[in-house]
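Worksheet for the structure shown next.
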Amino acid sequence: MKLAPSILSADFAHLADDIEVVAAGGADLLHVDVMDGHFVANLTFGPGMVAAIRPVTNLPLDVHMMVSDPARWIPAFAQAGADTLLIHAEATPHLYGALQQVRAAGCRPGVVINPGTTVASIEAVLPIVDQVLVMTVNPGFGGQRFIPAMAAKVAQLAALRQQLGLSYEIEVDGGITTATAPVVLEAGADILVAGSFVYAAPDPAAQLAKLRRVAR
Ligand code: DX5
Ligand code: ZN
């Protein structure tokens, strides 16, 4: 199991410190929530933020692109130092092509599905992705409540992976806490994104340790 703290809930005025704290606390990835105010109703970071973070950490950067027309931004995020680029299935009619572009740009391609999007709708791209992200809240904001019904998609993706002989990692994002993590881990999740659970607490490293403990 990998832990991917989301800097969406970090203190933006002390971002390097907040990254260091989770890196020292055993984070496996750093999740960066990119929002364009169009695909979702919030605005956050662009490629400049990824470029600024890149030299301050060795953690792989897991870039969640909540943007319309994601293909347009692939070169800039790849150039900025993103490791994984996560593309929403709902954001483009050219999902397969966008994922191919991510690979060609030298990054790991990941596909993301909103709560209203089915696993069946992304079956055709599963062979070309390294990661599948199941949203367990509606994207746009941290601190929302986990939607339990999404665990079934995780189980479905785990079964499909075995059936099709694939090796993508299954990631979940939204409302992950020590209470909800067991549900998705039981269903087969490999990567847990956690924002407010980690950063809204006084000791983010202790929060990561708690998540680690429920995983065992
Ligand atoms: C929501 C973002 C998440 C967010 C999760 O749109 O994709 O990554 O940071 O925050 P929590 O863990 O607070 O639900
Ligand atoms: Zn995210």
Given an 8 Å cut-off on Cα distances and at least 6 residues of separation, report the relative contact order of segment 118-179 as a percent. 48 percent
Expected vector for segment 25-40, Karplus 3J(HN,Hα) from phi with 6.51, -1.76, 1.60 and θ = phi - 60°, integer Hz, x for Gly and Pro, equals x, x, 4, 9, 9, 10, 8, 10, 8, 8, 10, 10, x, 10, 5, 10
Under the rule of at least 5 residues apart or a separate chain, name every residue whose amide H is placed under 5 Å from the amide H of residue 194. 4, 6
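Could you give the dipole magnitude of the chain about its Cα centre, charging the beta-carbon of Lys and Arg +1 and that of Asp and Glu -1, in debye to the nearest 20?
Details: 12 positive and 19 negative charges, 75 e Å.
Here the size comes out at about 360 debye.
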Let's test this: bin the Cα-Cα distances of the chain at 5 Å from zero up to the farthest pair and state each bin's percent. 1, 8, 17, 21, 22, 17, 10, 3, 0, 0
Nitroxide proxy distance, nm - points 7 Å out along Cα→Cβ at residue 162 and residue 147: 2.6 nm
Quick note on 44, 180, 118, ordering by fewest other C-beta atoms within 10 Å, gives 118, 44, 180
Please rank 169, 186, fewest neighbouring Cβ atoms within 10 Å first, as an exposure proxy. 186, 169
Spelling out what I want: for every residue of segment 123-139, take phi, set θ = phi - 60°, compute 6.51 cos²θ - 1.76 cosθ + 1.60 (Karplus), and round to whole Hz; glycine and proline get x. 4, 5, 9, 4, x, 10, 10, 9, 8, 10, 9, 9, 6, 9, 9, 6, x
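At 222 nm, what value in deg cm²/dmol follows for the chain if DSSP H runs of at least 4 each add -39500 (n - 2.57) and the sum is divided by all its residues, to the nearest 500? The partial results should precede the final answer.
Details: 8 runs with 71 residues, N = 216.
Mean residue ellipticity at 222 nm (helix-derived): -9000 deg cm²/dmol.
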If you add up the charges near residue 56, with Lys and Arg at +1 and Asp and Glu at -1, over every other residue whose beta carbon is less than 12 angstrom from its beta carbon, what do you get? -2
Footprinting proxy, 90, 171, 123: sorted fewest to most Cβ within 10 Å, the residues are 123, 90, 171
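Explain nothing, just the number: dipole magnitude of segment 1-114 about its Cα centre with +1 on each Lys and Arg Cβ and -1 on each Asp and Glu Cβ, in debye rounded to the nearest 20. Let's see the in-between values first.
Working: 5 positive and 11 negative charges, 86 e Å.
Here segment 1-114 has a charge dipole of around 420 debye.
If r is the Cβ-Cβ distance from residue 126 to residue 38 and R0 is 35 Å, what FRET efficiency results, to the nearest 0.05? Mind dumping the intermediate values first?
Details: r = 27 Å, r/R0 = 0.77.
The pair residue 126/residue 38 has a calculated efficiency of 0.80.
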Table column - 3J(HN,Hα) (Hz), segment 59-69, Karplus curve with 6.51, -1.76, 1.60, x for Gly and Pro: 5, x, 9, 9, 9, 8, 8, 8, 9, 6, 6
Under 16 Å from a point 7 Å along the Cα-to-Cβ line of residue 118: which residues of segment 133-169 have their amide N that close? 150, 152-157, 160
Amide H proximity to residue 67 below 5 Å, modelled H, separation 5+ or other chain, gives 88
Charge context of residue 73, other residues only, Cβ under 14 angstrom, K/R +1, D/E -1: -2
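Every number in this text was worked out from the coordinates using simple rules, so none of it is lab data. Since this is a predicted model, take the numbers as computed values, not measurements. No Cβ is skipped: glycine too gets one built from the backbone with ideal geometry, and neighbour counts run over all protein chains shown.
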